[in-house]
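Worksheet: the structure to be examined is printed underneath.
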Amino acid sequence: MKTTVDKPSTNRLNRVGTINEQTDTSVSQVTGVEKTYLPSPEVVLDVCNDVDLKGKKVDNDNIQVLWSDYRDNTTMHGLKNMNLKQRHRLRCCIWAAALIVMGSCLIYTSYKQVKNYLSYPTIINTQVQTKTSVKFPAITFCSASPLKNETLPKIPDLEYFLLYQSALVGNAEPRNLSYSEYHVPINASWVNDTANQIEDLFLLCKFDGKHRICKSDMEAIITPVGVCYTFNGRQFVSKNGDRITSRTGSTSGLLLILIVNQKSYVYNDIMTAGIKVIIHDQNDEPDVIDKGFFLSPGFSTFASIQKMEYRYLPSPYKIYGNQFCVDTKSPDYRNPLQYYDVYSKTACMRECKQDHVFQLCGCRTPYDKGNETICSLAKMAFCYKSESKRFDQNGSAQEQCICPTECEYDEYQAGLSTGYFPAKNYQTVLNEMGITDIRETYLELAIYFESLDVLMVEQKPEYSFEDIIGLLGGQMGLFLGASLLTLTELIEVILLSSLVVGRKLYHRIVKRQ
């Protein structure tokens, strides 16, 4: 039998302390009388690396660690003071209430700003630009009497029929409409056969100080008030290009002497003698009813014009109220009009009105576009004319017309001044030349640019994407002292916590199976 002898240890600390055979020798530090035992560096506990699969709930501990790390290291002001383990619980509650209030204010103000941004508010920027040259507009001239007395067809009592339809009497039915001519559709040649010709309206034409042939510079157009004539119209520009003017003043521009032959007038919707002038862009149909100004015989009229360019933003931006404009310059745009090659709001409303009245009367006037049946004189007077006036006075009927404004269009504003024409010393000379009844028959018109300044009316977004980002960043900094990186930190904590919870649910489902 073998005998084993155990020698006593020479380590004094082991005689006093307790020997743990399962751990390494501990390091002790003696300060005065007291003895402090420190664990070995190899067994120091690390909170982040404490993985005890047997005794501790790893998921809960990981979420707590993530939240504690985010709370203590985030750049969001005040969040680190929301620690329930600190000595003063009241301080924690105050900071929590402050963060909740500031967070609510941030959410409210951010919601209001985003809502305002998504309503696409705009501002109107108006400025004057001085240019070296400006495109000359189209100018349409319409006689106050669209029909010429000498060219009217030989229909019994036609003069009395027109009198009863004129502005003097007003849509009263004459006594005798038994003649068949009043109930037969009007021939399509009625328009050209009864219209005033160029030589009936224009005596002299000059542009930019040079004499022009009126017949070559004027083009006939059909309007709701009859045949009118346009200077520098769409067809002329398409063949010869735009007329560009770089000079200002009454000695440049367009100078005309026009004829008002009242002997050829017939009874009409207006009792005026003269010429109506509409200044418009070539791409716009002249609104001969609601726009323009009248020229009176015996006067010289000077019209100084200024160009105005309107530029609006397409959808989703609104130009006014709930109205959107239509971007006719877009490559994807398709003209919805049936009778007009170029879209304009005036042309759209005219076509809508024509379709509306046609559905009620079953015919059109000879001045309307299309191939539908032309009304007879009786039907045109007592159906088409009355329904047309009713449409003009019915706002709800006009609202049914889908005719948005163009996003880009030009207008011309005219300032008028007049004087007697001609002066008395010219009357004797003109009479010797065979020109008589000057004060009742002739008038002078000068249309020119007073300056080359162009008024730009431009619609711009009130907020850009960069503006809304800056506003939201300012609100976050004001209420929480946070930034986009702070949000990134929060999103990171949420994603990692969701991953931990998902893993926990997955393990529970696997164990149940």
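The values are calculated or read from the model by the stated rules, or taken from the named source; none is laboratory data. Source: prediction; values computed, not measured. As a convention, Cβ positions derive from the backbone with ideal geometry for all residues, glycine included, and neighbour counts pool all protein chains shown. With ligands, DNA and RNA removed, areas are computed over all heavy atoms of the protein, side chains included. Shrake-Rupley method; radii C 1.70, N 1.55, O 1.52, S 1.80 Å.
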In whole Å, largest first, what are the principal axis extents of the Cα atoms in the stretch 355-419? 42, 37, 25
In nm, the gap between the two label points placed 7 Å beyond Cα toward Cβ at residue 512 and residue 155 is 9.1
Pull out a ≥ b ≥ c, the square roots of the eigenvalues of the alpha-carbon gyration tensor of the stretch 202-316, then state rounded if a/c is under 1.5, prolate if not and a/b is larger than b/c, and oblate in the remaining case. oblate
For the stretch 246-359, accessible area per residue (1.4 Å probe, heavy atoms of protein chains only), Å²: 49
Evaluate the charge dipole of the stretch 158-233 about its Cα centre and quote only its size in Debye, nearest 20, assuming +1 on the Cβ of each Lys and Arg and -1 on the Cβ of each Asp and Glu. 220
What is the Cα radius of gyration of the stretch 251-344 over 2.2 N^0.38 Å, N being its residue count? 1.52
Quick calc, the stretch 442-513, dipole around Cα centre from Cβ unit charges on Lys, Arg (+) and Asp, Glu (-), nearest 20 debye, gives 1640
In a shell of Cβ-Cβ distance under 13 Å around residue 242, excluding residue 242 itself, what net charge do Lys and Arg (+1) and Asp and Glu (-1) give? +3
Taking the solvent-accessible surface of protein heavy atoms with a 1.4 Å probe, what is the per residue accessible area of the stretch 374-413 in Å²? 52
At a Förster distance of 35 Å, what's the computed FRET efficiency of residue 460 paired with residue 101, Cβ-Cβ distance as r, to 0.05? 0.45
State the percentage of accessible surface on the stretch 289-400 attributable to carbon and sulfur atoms; use a 1.4 Å probe and exclude ligands, DNA and RNA. 47
Heavy-atom accessible area of the stretch 223-278 with neighbours in place, 1.4 angstrom probe: carbon+sulfur share in percent works out to 50
Which value, in Å², gives the accessible area per residue of the stretch 418-470 when a 1.4 Å probe is used on the protein heavy atoms? 60
Give me the distance in nm between label points sitting 7 Å out from Cα along the Cα-to-Cβ direction at residue 129 and residue 311, one decimal. 0.5
What are the principal axis extents of the Cα atoms in the stretch 177-240, in Å, biggest first? 56, 25, 15
Add +1 for every Lys or Arg and -1 for every Asp or Glu among the other residues with Cβ under 12 Å from the Cβ of residue 196, and state the total. -3
Output for the stretch 104-146: trypsin sites (Lys or Arg not before Pro) sitting in coil per DSSP, at most 15 other Cβ within 10 Å, listed by number, reads 131
For residue 120 and residue 333, calculate 0.36 nm times their separation in residues minus their Cα-Cα distance, and state this gained length in nm to one decimal. 74.4 nm
